[in-house]
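A.B. asks: Shown below is the structure under consideration.
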């Protein structure tokens with residue numbers, strides 16, 4: 001007979017302590033640092049809280065403009081990733097049959113390689129001497145190497161979409177696999193065609209997976225800094241890049257913390273608004 005109290009301590013309290021130590025504690029520390037006037041003295045010394053960092057951010061228009069651009073880019077990456085992932089998930093769930101597992105393994109193969117390697121591979125393809133550029137010169141469409149495929153925000157968006165498609169496919173696939181196939185038979189008996197079945201059965205019942213996929217892409221993309229650093233250059237930088245610069249190059253942790261907290265609050269606000277607009281209880285019913 002299992003000890004229920006011991007099971008509770010193992011399955012609940014220990015993960016809670018782990019989460020509090022490595023997630024909540026750093027977050028609280030960063031929030032506290034955002035009210036620090038400067039980084040003079042010891043890191044844990046007592047200081048007088050101030051809103052100077054936040055006042056400086058709102059006084060500098062470029063910070064908020066870059067945050068808005070990053071939110072828009074994250075929105076575009078999320079929407080396009082979902083649109084491209086949905087047909088893949090639909091095929092795996094409702095059309096692949098016995099070969100669905102094989103195709104799913106092929107979809108997950110990119111997970112077996114490093115994130116940086118995948119970004120570098122796409123950078124080599126989009127570069128001025130990459131595969132795409134060489135092919136276009138070979139067939140005669142261009143005479144000189146292209147410079148518009150990399151080191152800009154379009155390259156960042158394209159790379160992030162490529163990276164996120166396998167991730168965004170999984171929650172949509174899970175939602176589609178939960179649909180009772182007898183609903184399609186009933187709809188066909190009532191005279192509904194394939195398009196009507198999709199609009200009235202497949203799409204509504206897969207909306208929870210679509211929303212989960214979108215937010216799973218949107219939230220981390222807002223603060224992305226590795227991909228813009230590698231394929232965006234100075235023109236394609238995002239909000240996460242200036243946060244990284246203040247923590248590493250400028251060694252201005254209070255300002256970097258304030259920028260991080262603003263990004264967190266904006267992301268949470270957008271998430272709350274989206275959840276208010278969409279009634280999840282009706283979708284999950």
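A.B. asks: Suppose the filter is surrounded by 13 or more Cβ atoms within 10 Å (Cβ to Cβ), in contact with a helix residue (DSSP H, G or I) (Cβ under 7 Å, 6 or more places away or on another chain) and free of Cβ contacts under 8 Å to residues at least 60 places away in the same chain; does residue 198 pass it? Give the steps one after another, and end with the answer.
C.D. replies: On the way: surrounded by 13 or more Cβ atoms within 10 Å (Cβ to Cβ): yes; in contact with a helix residue (DSSP H, G or I) (Cβ under 7 Å, 6 or more places away or on another chain): no; free of Cβ contacts under 8 Å to residues at least 60 places away in the same chain: yes.
No; evaluated as a whole, the condition is false for this residue.
A.B. asks: Quick one: which of 259, 270 is farther than 23 Å from residue 123 by Cα, in contact (Cβ under 8 Å) with a residue 60 or more places away in the chain and crowded, with 18+ Cβ neighbours inside 10 Å?
C.D. replies: Numbers: 270 fails: crowded, with 18+ Cβ neighbours inside 10 Å.
None of the others qualify; the one that does is 259.
A.B. asks: Turning to a different aspect of this structure: Any residue at all in the range 30-40 that is out of contact with any strand residue (DSSP E or B) (no Cβ under 6 Å at 6 or more places or on another chain), under 30 Å from residue 213 (Cα atoms) and either in contact (Cβ under 8 Å) with a residue 40 or more places away in the chain or in a helix (DSSP H, G or I) (or both)?
C.D. replies: yes
A.B. asks: Need the failing condition index for residue 111 against (1) modelled with pLDDT under 90; (2) more than 30 Å from residue 231 (Cα to Cα); (3) part of a helix (DSSP H, G or I), just the number.
C.D. replies: Among (1) modelled with pLDDT under 90; (2) more than 30 Å from residue 231 (Cα to Cα); (3) part of a helix (DSSP H, G or I), the lone unmet condition for residue 111 is (2).
A.B. asks: From the list 98, 65, exactly one residue is part of a helix (DSSP H, G or I), out of contact with any helix residue (DSSP H, G or I) (no Cβ under 8 Å at 6 or more places or on another chain), free of Cβ contacts under 8 Å to residues at least 60 places away in the same chain and exposed (fewer than 11 other Cβ atoms within 10 Å of the Cβ). Which is it?
C.D. replies: Checking each option against the conditions leaves just 98.
A.B. asks: Please find, within the range 41-60, the residue that is modelled with the highest pLDDT out of those that are within 19 Å of residue 243 (Cα to Cα) and surrounded by fewer than 10 Cβ atoms within 10 Å (Cβ to Cβ).
C.D. replies: 59
A.B. asks: Regarding residue 195, is this residue at pLDDT 90 or above, part of a helix (DSSP H, G or I) and under 17 Å from residue 82 (Cβ atoms)?
C.D. replies: Here the answer is no, as residue 195 does not meet what is asked.
A.B. asks: Follow-up question, since we're still on this one. Which count do you get for residues in the range 235-256 that are touching a residue at least 24 places away in the same chain (Cβ under 8 Å) and more than 21 Å from residue 54 (Cβ to Cβ)?
C.D. replies: Of the residues in that region, 3 qualify.
A.B. asks: Go through the range 143-165 and give me each residue that's over 24 Å from the mean Cα position of the chain (by Cα) and surrounded by 14 or more Cβ atoms within 10 Å (Cβ to Cβ).
C.D. replies: 145, 146
A.B. asks: What about residue 216, is it modelled with pLDDT of 90 or more and under 30 Å from residue 269 (Cβ atoms)?
C.D. replies: Answer is yes for this residue.
For every residue, the table says whether it meets (1) under 30 Å from residue 174 (Cβ atoms); (2) touching a helix residue (DSSP H, G or I) at 6+ places or on another chain (Cβ under 6 Å); (3) exposed (fewer than 10 other Cβ atoms within 10 Å of the Cβ).
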site: 13; (1), (2), (3): yes, no, no
site: 24; (1), (2), (3): yes, no, no
site: 36; (1), (2), (3): no, yes, no
site: 89; (1), (2), (3): yes, yes, no
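A.B. asks: If a residue must be more than 18 Å from residue 234 (Cα to Cα) and in a helix (DSSP H, G or I), how many such residues does the range 125-161 contain?
C.D. replies: Here the count works out to 10.
A.B. asks: Do we have residue 201 as within 27 Å of residue 36 (Cβ to Cβ), in a helix (DSSP H, G or I) and modelled with pLDDT of 90 or more here?
C.D. replies: Against the criterion (within 27 Å of residue 36 (Cβ to Cβ), in a helix (DSSP H, G or I) and modelled with pLDDT of 90 or more), residue 201 does not qualify.
The values are calculated or read from the model by the stated rules, or taken from the named source; none is laboratory data. Keep in mind the model is a prediction, meaning the values are calculated, not measured. Methodologically, a virtual Cβ is constructed for each residue, glycine included, from the backbone with ideal geometry; neighbour enumeration extends over all protein chains shown.
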